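To start, the structure itself, in C-alpha cells.
The values are calculated or read from the model by the stated rules, or taken from the named source; none is laboratory data. As the structure is a prediction and not an experimental result, all values here were calculated from the model. Here the Cβ positions follow ideal geometry from the backbone for every residue, glycine too, while neighbour counts run over all protein chains shown.
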Amino acid sequence: MGFAIAIDGPAAAGKGTISKAVAAHFGFAHLDTGLLYRAVGARVLAGVDPIAAARALVAEDLEDAGLRTADVAQAASRVAVIGAVRAALVDFQRAFARRAGGAVLDGRDIGTVICPEAEAKLFVTASAEVRAARRHAELVARGAEAVFETVLAEVKERDARDAGRAEAPMVAALDAVVIDTSDMSIDAAVSAAIAAVEAART
Ligand code: CDP
C-alpha cells in the first residue's frame with residue numbers, strides 16, 4: 001500500500017526544498033505539480049491553446065529547464081484558473097500519489113482536491129516579503145536580472161490569483177499541519193516537516 005504526502009503552499013515558501021528532503025528521507029518519489037502548470041503555461045506562451053496543451057502533456061515535458069522563469073510562472077498561474085486545464089492534469093497526479101513505494105506531491109491543491117485522503121498533509125508558508133527575497137536570490141543566482149520590488153509584486157499577484165480562483169483555490173486543508181518558514185532555517189523547516197509526517201505515520 002502506498003503512502004501519500006501532500007505539501008501545499010504559496011510560491012517560494014520552501015515547498016520544493018522541503019518536499020525533496022522529505023521524499024529523500026522516506027525513500028519516496030517526488031512530484032513538483034507546479035511543473036505541470038508551468039509546462040502548460042510555456043506552451044501557451046508559444047501560442048498553443050491551454051486546454052489542448054494540458055491534454056497533450058507527457059512526463060518528459062516536465063524536464064524542460066526553461067520552465068523556471070518568472071514569465072512561465074505567471075503564465076502557469078493564468079492557465080491554472082481554467083477548470084478544463086486542471087481536470088486534464090488530475091489523473092496523472094492521482095496515479096503518482098498512489099504509486100506503491102510512497103509519494104510526495106507539492107503544489108497548491110494536493111491536500112484539498114488531488115489527494116484529500118493523503119496520509120500526511122502539510123501547508124508550508126512564509127510572509128510575502130521573505131518569499132520574494134528568496135525568489136529574488138534564486139533568480140540572481142541563476143544569472144537572471146531581477147529587481148526585488150518586481151519579484152515581490154509578482155509573488156503577491158500570483159498569491160491573489162491562486163487563492164482567489166473559483167477552481168481548486170490555494171488554501172490549507174483543515175487537517176494540514178501548517179509550517180511557517182519565515183524565521184526558520186532550511187534545516188529547521190525540513191526537520192519540522194519530517195516530524196509532522198512521522199506523527200501521521202504512527
Ligand atoms: O515554484 P513556485 O512556488 O513559484 O510555483 P509552482 O509551484 O511552480 O507553481 C506555478 C503556478 O502553478 C502557481 O502559481 C499556481 O497557479 C499553479 N499551480 C496550481 O494551480 N496547482 C498546483 N498544484 C501547482 C501549481
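If you check 132, 193, 189, 176 for being modelled with pLDDT of 95 or more and within 26 Å of residue 59 (Cβ to Cβ), only one passes: 193. Selection of helices (runs of 4 or more DSSP H) fully inside region 38-122 by the criterion of at least 2 residues being closer than 27 Å to residue 144 by Cβ, in contact (Cβ under 8 Å) with a residue 60 or more places away in the chain and within 15 Å of the chain's Cα centre (by Cα) returns 70-79. When region 18-43 is filtered for residues that are under 13 Å from residue 122 (Cβ atoms), surrounded by fewer than 22 Cβ atoms within 10 Å (Cβ to Cβ) and within 15 Å of the ligand (Cβ to nearest atom), nothing remains.
Scanning region 1-17 for residues that are closer than 25 Å to residue 134 by Cα, in a loop (DSSP other than H, G, I, E, B) and more than 11 Å from the ligand (Cβ to nearest atom) yields a total of 0. The residues listed here are 119, 138, 129; of these, the one that is over 20 Å from residue 164 (Cα atoms), touching a helix residue (DSSP H, G or I) at 6+ places or on another chain (Cβ under 7 Å) and of a type in the set (Asp, Glu) is 119.
Taken over region 122-141, the residue count meeting the criterion of being away from the ligand (no atom under 13 Å from the Cβ) and either among the basic types (Lys, Arg) or under 19 Å from residue 181 (Cβ atoms) (or both) is 7. Evaluation of residue 171 against the conditions (1) touching an Asp or Glu at 6+ places or on another chain (Cβ under 9 Å); (2) under 19 Å from residue 73 (Cβ atoms) shows that the sole unmet condition is (2).
For residue 194, state whether it is surrounded by 16 or more Cβ atoms within 10 Å (Cβ to Cβ) and either closer than 24 Å to residue 113 by Cα or among the hydroxyl-bearing types (Ser, Thr, Tyr) (or both). No, not satisfied. For region 147-186, the candidate set comprises residues that are surrounded by fewer than 17 Cβ atoms within 10 Å (Cβ to Cβ), closer than 15 Å to residue 108 by Cβ and aliphatic (A, V, I, L, M); within that set, the residue that is farthest from the ligand (Cβ to nearest atom) is 178. When region 92-121 is limited to residues that are among the β-branched types (Val, Ile, Thr) and within 12 Å of the ligand (Cβ to nearest atom), the one that is surrounded by the fewest Cβ atoms within 10 Å (Cβ to Cβ) turns out to be 113.
Across region 87-105, not a single residue is classified as of a type outside the set (S, T, N, Q), more than 21 Å from residue 30 (Cα to Cα) and touching a Ser or Thr at 6+ places or on another chain (Cβ under 8 Å).
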